[in-house]
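Enquirer: First, the structure itself, so that you have it in front of you.
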Amino acid sequence: MSTPSASTPTSYTEKLRAPWWLWLVVAGISIAIGLALSPTNPVLCGILIAVAFIIAVVLLTVSAPTIAVNEQTLSVGRASIERQFLGEVTGHRGESARYERGRGLHGLAFMCFRGWVDPVVKVIITDPRDETPYWLFSTRRPEELIAALGGHMVHSDPDNAGVITEASEPSSLERERLQRIEDAKREETGPQA
């Protein structure tokens with residue numbers, strides 16, 4: 001019996017691996033650990049460097065999330081959601097991406113960021129049973145990903161030196177959802193004196 005993911009063709013796949021320069025940092029830290037823990041014994045120092053480097057390589061490799069889109073699901077790392085519950089999909093680069101990861105970030109959003117990847121994709125969740133308003137995650141190829149999901153790119157206005165355009169503000173679906181949450185909180189607390 002085959003699993004649905006094996007029988008469904010994947011329309012987009014990306015693995016967010018660590019960049020080359022991070023491997024140099026890992027090598028430097030491994031050497032520093034070896035020298036700090038065994039500065040006078042070269043054999044032990046070499047063993048400690050090798051062990052630290054192997055541990056770091058395993059952690060970086062295992063923790064690299066995979067983004068996969070097929071006809072039925074969107075998967076980011078270990079999280080997966082059916083495409084029927086996906087709303088508006090937007091890709092962000094530059095100042096728009098920084099806004100989405102910073103000031104514009106909702107505390108209940110699902111996040112999967114990598115500091116070495118600037119672009120992000122924002123996917124509004126329409127499942128009424130899910131409290132998560134949207135998914136926001138890093139991707140190196142946002143144009144290809146939003147094409148697979150049927151979305152569009154949002155750009156900062158380059159003439160306004162980092163001012164965010166209206167398109168990067170929360171969508172109407174997101175604003176309605178946030179308004180419902182605020183209304184429910186007000187009803188729970190009751191009128192204030």
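The values are calculated or read from the model by the stated rules, or taken from the named source; none is laboratory data. Everything numeric here is computed off the predicted structure, so don't read it as measured data. Counting neighbours? That spans all protein chains shown, and the Cβs are built from the backbone with ideal geometry, glycine included. Accessible surface areas use protein heavy atoms only, side chains included; no ligands, DNA or RNA. Shrake-Rupley method; radii C 1.70, N 1.55, O 1.52, S 1.80 Å.
Enquirer: Name the pairs: first residue in the range 96-116 and of a type outside the set (V, I, T), second residue open to solvent by 80 Å² or more (accessible area, probe 1.4 Å) and at pLDDT 90 or above, Cβ to Cβ under 7 Å, at least 6 apart or on different chains?
Expert: L108/E131
Enquirer: I'd like to check something: does the range 34-45 contain any residue that is at pLDDT 90 or above, closer than 25 Å to W116 by Cα and either part of a helix (DSSP H, G or I) or open to solvent by 70 Å² or more (accessible area, probe 1.4 Å) (or both)?
Expert: no
Enquirer: To continue, here is another question. Looking at (1) within 30 Å of E182 (Cβ to Cβ); (2) open to solvent by less than 40 Å² (accessible area, probe 1.4 Å); (3) in contact with a Lys or Arg (Cβ under 7 Å, 6 or more places away or on another chain), which is the only condition F113 fails?
Expert: Every listed condition holds for F113 apart from (2).
Enquirer: Name the residues in the range 60-97 that are of a type in the set (V, I, T), under 30 Å from A27 (Cβ atoms) and surrounded by 14 or more Cβ atoms within 10 Å (Cβ to Cβ), would you?
Expert: Within the range 60-97, I67, V76 meet the criteria.
Enquirer: Tell me which residues, restricted to the range 116-134, are surrounded by fewer than 16 Cβ atoms within 10 Å (Cβ to Cβ) and not β-branched (V, I, T).
Expert: Those that are surrounded by fewer than 16 Cβ atoms within 10 Å (Cβ to Cβ) and not β-branched (V, I, T): W116, D127, P128, R129, D130, E131.
Enquirer: Where in the range 49-143 are there strands (runs of 3 or more DSSP E), lying fully within it, with 1 or more residues that are touching a helix residue (DSSP H, G or I) at 6+ places or on another chain (Cβ under 7 Å)?
Expert: So the answer is 66-70, 73-76, 86-92, 120-125, 134-138.
Enquirer: Please work out if G151 is modelled with pLDDT of 65 or more and farther than 23 Å from S11 by Cβ.
Expert: When the stated conditions are applied, G151 does not pass them.
Enquirer: Moving on. I'd like to check something: does the range 130-144 contain any residue that is farther than 23 Å from L22 by Cβ and modelled with pLDDT under 90?
Expert: yes
Enquirer: For the range 14-31, state whether one or more residues are among the aliphatic types (A, V, I, L, M) and in contact with a Ser or Thr (Cβ under 7 Å, 6 or more places away or on another chain).
Expert: Checked against the condition, which is being among the aliphatic types (A, V, I, L, M) and in contact with a Ser or Thr (Cβ under 7 Å, 6 or more places away or on another chain), the range 14-31 yields at least one hit.
Enquirer: Are any residues in the range 135-148 in contact with a Phe, Trp or Tyr (Cβ under 8 Å, 6 or more places away or on another chain), open to solvent by less than 40 Å² (accessible area, probe 1.4 Å) and within 16 Å of T13 (Cα to Cα), and if so, which ones?
Expert: F137, S138, L145, A148 - these are the residues of the range 135-148 that are in contact with a Phe, Trp or Tyr (Cβ under 8 Å, 6 or more places away or on another chain), open to solvent by less than 40 Å² (accessible area, probe 1.4 Å) and within 16 Å of T13 (Cα to Cα).
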